[in-house]
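Working notes, structure below.
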Amino acid sequence: MNAIIALSLFGIGSLFLGFLNNRKILLPATLIFTLIALGLNFADWNHEYLWFNSMLRTNNLSVNFTAVILISTLLVVAISRGFGDDKEHSHPAEYYAILMFSVVGAIMMVTYENLLMLFVGLEILSVSMYVLTGSDKRNLRSNEAALKYFLMGSFATGILLFGIALVYGATGSFDIHGIGLAVRDAKAQMGGIYGPILTAGVILMLVGLLFKISAAPFHFWTPDVYDGAPSLFTAFMSTVVKTAGVAATYRLLSIAFPDMYGTWGNPMVYITAVTLIVGNLTAVYQQSFKRMLAYSSISHAGYLLITVLAKRPETNASILFYSLAYSIATISAFAVLIVVSEAKSKAGKPDESFDALNGLSKNNPFLAFVLAVSMLSLAGIPLTAGFFGKFFIFTDAFSNPSSIFKSLLVVAVLMSAVGIYYYFKPIIAAYMRSGDTEKIEISPIFKYTLILTTILTILLGIAPDLVKKLF
Amino acid sequence: MLTISLILLPIIAGLLTLTNKGENAKKIASIFAFAELILGGYVYYSFIPNATTQFAVSYDWIHSAGIKFSVGIDGISLILVCLTTLMVPFIILSTFNNNYKNAPTFYALILFMQAALIGVFTARDIFLFYFFFEIALIPVYFIAAIWGGENRIKVTFKFFIYTMFGSLFMLLALVYLYIQTPGIAHKADFESIYAVAKTLDITQQSYLFGAFFIAFAIKMPLFPFHTWQPDTYVEAPTAGTMLLSGIMLKMGTYGLIRFILPITPLAVDKYGMVAIILSIIGIVYGSIIAIQQKDMKRLIAYSSFAHVGLMAAGIFSGNIDGIQGALIQMLAHGINVVGLFFIVEIIQQRTNSRELARLGGITQTTPNLTVYFIILMLGSVAMPLTNGFVGEFLLLKGVFQYNAWAGAIAGLTIILGAVYMLRMVQKSMFGITSRITEGFADLTLSEKVVLFPLSFMVIGLGIAPNMFLKLTEPAVNQLLSIIK
């Protein structure tokens, strides 16, 4: 909880740091802020507690999700070196401040007890992201992406708010535990038939949240926005925002509406299947590495939804493990993308196609190895964290006796095979094709961050219990 | 502990190799591979011929999910551990005349591959097995895709996706079995899984059979899942081809013995005939294509496809002769195919060609090579007193007991095998010297060091097959008792 307060203060602090006109201090300061927030976060460990007139509720699950979010943020901040060095970003302090604020929003989304907090958190996160998406001011695509994201995003938030209002009308509560009780009463009285207001409310809320985690068919904004935004913020969006969105959905479904499984269960299974199919199949056809990563993030939303739906005690740990594995691997991949695309820029524009990676194993063997490990992890191949992420998800889904999950699993397995296809494209480009022989240099902090992410990915792929038993 | 050192030694060796440059990497890799061979020999001699799992160790791996790092060696594992430890040193020696770029990585990958293969053959926990089964693919993929021929990128990519796709179905089957085990945390060791398998009905077993069959049939490969195989064998560098055909192919047959037979006996009863028919189609089809090949490497690739078909047919026949034959044939085929591919490599290095039409008359300058070639060829065509004979005889006997017609058609392998193998030897070694085979240089020391022991093993195993058969028999009998 203190993490939220601290991060808000740190955000304001970062703004003031901007007055110092010292760019060098921003990155370490933000890293330290995030680390402090991470430490404060664990003060809530093993205390279930309600805050601010039962607006927020901290428990171990929320602490864990907050930790995953803060770790992802740390990694994103660590690879932000060089961002804002050009003239276009004349006030980099603002971006770090907005980043801090958006993390506050993300943490609220994983700790909310009152639906209003879910809405406020989502808005804080979204508005920050609209700004960051458009932060590459001179780039037309960045502007387009920001406008698109803003229009679509505000529409989705509107739908979510509409859903919240309807649910409040039907249950008389904003409290997720209160709503859960009201739904249970309704179930006991009416035998599983719910009024149209409650049903519509649940569906509309889910639509709003699914938009944020870019599940199909609410994903159409994702590729353009992810592609147009500066790579650094795309990395942030596809990890922190996704984790927060999935956690919020999981919290809502498992606490407020578990008794309405009959209403949202099957539609969500279909949405998951469509998300998996659309994300993976479209990723195959991409020529741009960045766009491929955007579609891959859609497909991973699908895998995460499988375990959100599976409703098992172990599901908590599976979602957390998968989010962590996915976030670490994605941030490594984006870090490599940032370095390589800058080094290979054509006519002032960074080259984000697969061809930019050609011959990377000769130009910088370290980056090529990092890229290979992160791709193998995203593809879910053993010795990497991604494998156990998938493994836990498959186990969860299989434990669910409902036969529809068996079909969903077959889809998931087929799509994993498709995933291997496109995740190997960058590896093939880096190791087997030859490109120009210009060496690519990376700064020390980049290097240490990537060493850390790579070691974490392999370590979690050998000994997943190190982290899993904490969850 | 011995089993763990068998897995760890190649990993350590691989890491050491990575830290060295060029020529040194070769030497370090081969020294460690021979050290591993000595370790393997020690395991062979201290193995007590009974049905128990020996040298077993078990540690908690993923405690919360009941998954253990559990390894051990029984008779069935032993023969494959022997094959792996025996072949890898010779595979490394066979590359001594090549100068690969990034040699340290190349040799490190071979050693990592060896570790993964030993892991596959010794795992006693289904997920540990799966873990190694998948990892084994990665080094060999990179070996083939980086150091391979012209079309390597496309061909090896197909191979990788194809086999990964199959393995994913196996993962589903394994997770399904694991979920059925009692307890909240479940169990994943072989014994618990075998116990659970007894409670499954025919429908469940059929699905599991399908999932396992796809995974292993792609890996071996069986007809009609073989389309990745000839191209990959041809494009991979010879050391990669040796690893693929000599050892990795046996992961599939090992999987059939370890998983399909004991876990889905009812389904094997029902669908075994289909699998045997597919295997036999593979035998005849592979042999006929092999007869028409012009490229020596491709010819051996198809012959390997035909041989593995017979092994699969023997295993699916589900009797002691079929399985014993498959086990001894796995070892024999590994030795023969590594030798044959090496001879092709020698010829290619000196003449820059593998095409039968352009070769001929090599025996006039290098009679030594011809002798080795003929010994290995005889092993491959199952001449009595060679290693191939024992295996094929038992396999055919097993298939014949299952179904006389199937046995009769499978028997064609001996005739057809003789046709394509003799044709290959005749066209390359005998006849008139062609322009490119003139002045064919004599064998170097490192080549002799590989070919002599391999030829020795071909004959030795043919004369005394019992030194392996008696070790595997108790384990196979126990396996058959599980099935019944």
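The numbers here are math on the coordinates, done by the rules we state, and not lab data. This is a predicted model, so every value here is computed, not measured. We place every Cβ from the backbone using ideal geometry, glycine too, and count neighbours over all the protein chains shown.
What to note about this one:
- Anchor B:Lys397: aspartates and glutamates whose Cα lies under 20 Å away (excluding residues fewer than 8 positions away in-chain): B:Asp269, B:Asp321, B:Glu473
- Relative to its Kirkwood radius, the Cα radius of gyration of the stretch A:131-224 gives an Rg/Rh of 1.17.
- Among residues other than A:Ala301 with Cβ under 12 Å from its Cβ, the summed charge is +2 (Lys and Arg +1, Asp and Glu -1).
- Along the stretch A:245-260 the Karplus relation, 6.51 cos²θ - 1.76 cosθ + 1.60 evaluated at θ = phi - 60°, assigns HN-Hα couplings of x, 5, 4, 5, 4, 4, 4, 5, 5, 7, 9, 7, 10, x, 7, 9 Hz to successive residues, with x for each Gly and Pro.
- Checking the cross-link pairs B:Lys21/B:Lys250; B:Lys187/B:Lys484; A:Lys349/A:Lys390; A:Lys344/A:Lys425 against a 26 Å limit on the alpha carbon distance flags B:Lys21/B:Lys250; A:Lys349/A:Lys390 as lying beyond it.
- Table column - 3J(HN,Hα) (Hz), the stretch B:361-376, Karplus curve with 6.51, -1.76, 1.60, x for Gly and Pro: x, 5, 4, 5, 9, 10, x, 3, 4, 4, 4, 4, 4, 5, 4, 5
- Computed packing ranks the peptides B:92-104, B:241-253 as B:241-253, B:92-104, most packed first, by mean other Cβ atoms within 10 Å.
- Cross-link reach is defined here as a Cα-Cα straight distance under 22 Å, omitting same-chain residues fewer than 8 places apart; for B:Lys448 the lysines meeting it are B:Lys26, B:Lys27, B:Lys297.
- Estimated from the Cβ-Cβ distance and a Förster radius of 56 angstrom, the FRET efficiency linking A:Ser402 and A:Ile36 is about 0.80.
- Close amide H contacts of B:Ser70 (hydrogens built in the peptide plane, cut-off under 5 Å, sequence separation of 5 or more or a different chain): B:Tyr59, B:Arg124, B:Asp125.
- Distant-in-sequence amide contacts of A:Ser353, defined by a placed amide H-H separation under 5 Å and a gap of 5 or more residues or a different chain, comprise A:Phe289.
- For B:Ala236, distant residues with modelled amide H under 5 Å away: B:Gly149
- Distance violations [Cα-Cα > 19 Å] among B:Lys198/B:Lys270; B:Lys101/B:Lys158; A:Lys290/B:Lys154: B:Lys101/B:Lys158; A:Lys290/B:Lys154
- Going from the fewest other Cβ atoms within 10 Å to the most, the residues A:Leu466, A:Leu304 appear in the order A:Leu466, A:Leu304.
- In degrees, nearest ten, helix B:265-291 long axis to first principal axis of chain B (Cα): 10 degrees
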